[in-house]
Amino acid sequence: MANHNPDIPNLLQRFSQIGITLWCDNGQLRFRGPKGALTPDLKAELQQHKQAILAFFGQGSVDTSPSSPLNLSSFYQKPTLVSLNQVIANALENKGTEGNAIATATTTEQLLQEAMAQLKDIPDSIHFVPAQKEPMAIFLTGATGFLGTYLLNDLLEQTQATIYCLVRAPNLNTGQERLQTKLKAYGLWQETQGTRIIPVLGDLAEPLLGLSLDQFQQLAYAIDIIYHNGALVNFVYPYTALKAANVNGTREILKLATIHKIKPLHYVSSIGVFLSSHLATDHVIYEQDSLDHGGTLYGGYSQSKWVAEKLVSLASERGLPVSIYRPGTITGHSQTGVCSTQDWLSLTLKSAVLLKALPAIDTVLEMTPVDYVSQGIIYLSRQPSSLHQCFHLVNPYPCHWHQLTDFLSNFGYQIQSVSFEQWVQQVKNYTTESSSSIANILPILQAHGSGSNQVKFNSENAVHALAKAQISCPPVSSQLLHPQLSYFIHHDFLPAPPARISVN
Ligand SMILES: NC(=O)c1ccc[n+]([C@@H]2O[C@H](COP(=O)([O-])OP(=O)(O)OC[C@H]3O[C@@H](n4cnc5c(N)ncnc54)[C@H](OP(=O)(O)O)[C@@H]3O)[C@@H](O)[C@H]2O)c1
């Protein structure tokens, strides 16, 4: 990353991953984090980019400091996502950021303008001649993430190709190490496949993915197919903070797909692109439904995913061979339970166990195991009939939220169902004592509570196509959740339930 143009959203994300929160207080840069987390190197990095970070906060990032107009207690006081976003909007306005291109609540018409502005480098008409042989060089983004690690593994298993992985790292060794470490942590590493993984040092948020023009062209020449899965997944940042990685990054991927030779693009989107408050409860979204639903999207993450998917689908209309995959809530592996500990459902489970309480909200519990999503994407991407299609990779057998209490009780945790307000108060008390990351789940649970995600996602195309390969999604049940709970206990993310402690 060039010093004169640091990527502050990425920097904030890296710091937040190691538990360090940064904020701006009266023109001073402040931080809070576990003892020893701020190493001398990280401190030097902060000093080096201090002015850029302060400027970034001033430009409308979410500042959750206690003294900020937008602190977490504002979240606690606002029970619905609509009012939460009003809080964000007010906070940004107070900071003089009215000039933001995308406001907190934005209609798909406004988002369309944002997508159109990004299209200028994409040819008007794209002519694709399908290759007669299997792809031998694959480009994958987000391979160090939760889903990306499984995609990398499934590509290694199911193809003979070399996999070029975009990775953020200072040198090739560290890049290779980051990819290997994730595969090892998930029990997927196979020494014999190591030579087929080629790290490509870069960054989605940078022009040309952070590569030199020469490197970018060489890559475009070398690869046969692209899996674009990487994204900055953050439910608190505003659109302005996510645009570089999620929208500009997708624009650069489209450039890569269209220069030298036309390459099929497999794009990982999200059902979040339809989570709009104007869609009635029980409205069914089909895989072929238009993105232009005319509703209002709340929160930078869904907005950035909408604009990115729109870009990809506009390129598809121009002739680029594209398939779009919209996962639901990706959860632990259905057999091993391997799971991310950063996502909102894992943090909700943690809050339930720590507080011995779950909020009683009238919503659906949807859990789509990572192995179903990954195997589904790889299988579908290898069927010529999937091009120009969209697939919902969601659990076709969800259940009501209240059953989560039963699943946890069956495992031995005693969990009470409490009102949403009581639960928010308990989280508030808990997080002021321990500054736990579980506070981060409030915005998304508020969205569930407000009913903005009650729409149903039909996944007929995906289910039908995957049935041919005997790939199916297990229903949401105790059986699906329990391996994930065991994984959390094994990795000290959760304490074991009392009954289990007494066994040994
Ligand atoms: N998790 C879900 O429930 C869910 C649901 C629907 C859709 N999705 C979509 O699925 C995809 C994968 O999600 P995930 O849950 O696996 O997320 P994740 O674990 O947070 O992984 C994100 C990946 O993207 C990479 N990335 C982020 N910003 C980048 C940048 N500026 N340059 C290069 N790489 C960057 C990360 O690299 P680092 O390791 O360097 O940070 C990481 O490899 C995303 O597109 C997401 O929108 C996820």
Remind me, what semi-axes does region 252-378 give for its equivalent ellipsoid, largest first in whole Å, using sqrt of 5 times each Cα gyration tensor eigenvalue? 31, 20, 13
Using 0.36 nm per residue of separation minus the Cα-Cα distance, give me the extension gain between Asp289 and Arg382 in nm, one decimal. 31.2 nm
With a 1.4 Å probe and every protein chain left in place, tell me how much accessible area Lys184 has, in Å² to the nearest 10. 110
For Ile198, enumerate residues with amide H under 5 Å from its amide H, sequence gap 5+ or separate chain, H modeled in the peptide plane. Ile163, Tyr164, Cys165
Residue order for Thr192, Thr363 - accessible surface, 1.4 angstrom probe, largest first: Thr192, Thr363
Each label sits 7 Å from Cα toward the beta-carbon; between Ala137 and Leu119 the label points are separated, in nm, by 3.0
Taking Cα atoms of region 221-297, Rg/Rh with Kirkwood Rh, to two decimals? 1.04
Taking amide hydrogens as modeled 1.01 Å from N in the peptide plane, which residues meet the under 5 Å criterion relative to Leu365, leaving out close sequence neighbours? Cys399, His400, Trp401
Give me the percent of accessible area attributable to carbon and sulfur for region 182-323, probe 1.4 angstrom. 52
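The values are calculated or read from the model by the stated rules, or taken from the named source; none is laboratory data. Everything quoted here is computed from the prediction, not taken from an experiment. We place every Cβ from the backbone using ideal geometry, glycine too, and count neighbours over all the protein chains shown. Ligands, DNA and RNA are stripped out before the accessible areas are found, and what is left, the full protein with its side chains, is counted by its heavy atoms. Shrake-Rupley method; radii C 1.70, N 1.55, O 1.52, S 1.80 Å.
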